[in-house]
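Quick notes on the structure that follows.
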Amino acid sequence: MSDRLDRPKAEQRRPWHRRRKGSDRFGAVSEGIARFLGTPRFLVYLTVFVIVWLIWNTWAPESLRFDSASNGYTALTLMLSLQASYAAPLILLAQNRQDDRDRVSAEQDRQRAERSLADTEYLAREVAALRQAVGETATRDFVRSELRALLEELQQLDAEDAARDAR
């Protein structure tokens, strides 16, 4: 019992607990196989394999043949069926993993779009505030006209004061 207590729980290995890392590794390997199954290279390899199989079991000496044409190449049919029975689940697994990646990517894109929209709205409000502030600031011409009006007013007041003093 004491040998178990000196280790953290994370280090204890239990056969019924799956390790996430191993699951990911299996998924990655199966996805790689599924990707290879969809390549022209695989089709060429499979075609060459079938042709060699047919040629060997048709024209090779009778004692060296292992799949006879009289039985319809039963072993070849079984081999291709076995390959297909493994290919289909591997392809489905790869599609599921791709769907998971697409879902995560779509969620990240949605969050990025929301942030971008919020930033754009903020900038639009800031630009509107700047336009208002610029619209309320006095321009050079406005200041000059106000100064001229004040100057004329002062001159008029001086003229009125001079007229009162003269009386």
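The residues of region 70-87 that are surrounded by fewer than 12 Cβ atoms within 10 Å (Cβ to Cβ) and either assigned to a helix (DSSP H, G or I) or not assigned by TED's automatic domain parsing to the domain that holds ARG35 (or both), listed by number, are SER70, ASN71, THR74, LEU78, SER81, LEU82, ALA84, SER85. Taking every residue in region 24-41 that is more than 15 Å from GLN83 (Cα to Cα) and in contact (Cβ under 8 Å) with a residue 24 or more places away in the chain and pairing it with any residue that is of a type in the set (Val, Ile, Thr) and surrounded by 15 or more Cβ atoms within 10 Å (Cβ to Cβ), at least 6 positions away or on another chain, yields no pair with a Cβ-Cβ distance below 7 Å.
Can you pull out the residues in region 39-55 that are surrounded by fewer than 12 Cβ atoms within 10 Å (Cβ to Cβ) and of a type outside the set (A, V, I, L, M, F, W, C)? Of everything in region 39-55, those that are surrounded by fewer than 12 Cβ atoms within 10 Å (Cβ to Cβ) and of a type outside the set (A, V, I, L, M, F, W, C) turn out to be THR39, PRO40, ARG41, THR47. Of the candidates TYR73, TYR45, the single residue that is under 24 Å from LEU93 (Cβ atoms), at pLDDT 90 or above and of a type in the set (Ser, Thr, Tyr) is TYR45. Assessment of region 99-107 against the conditions (closer than 27 Å to VAL29 by Cβ, part of a helix (DSSP H, G or I) and over 24 Å from the mean Cα position of the chain (by Cα)) yields no matching residue.
The values are calculated or read from the model by the stated rules, or taken from the named source; none is laboratory data. This is a predicted model, so every value here is computed, not measured. Using ideal geometry, Cβ is built from the backbone for each residue, glycine included, and neighbour counts are taken over all protein chains shown.
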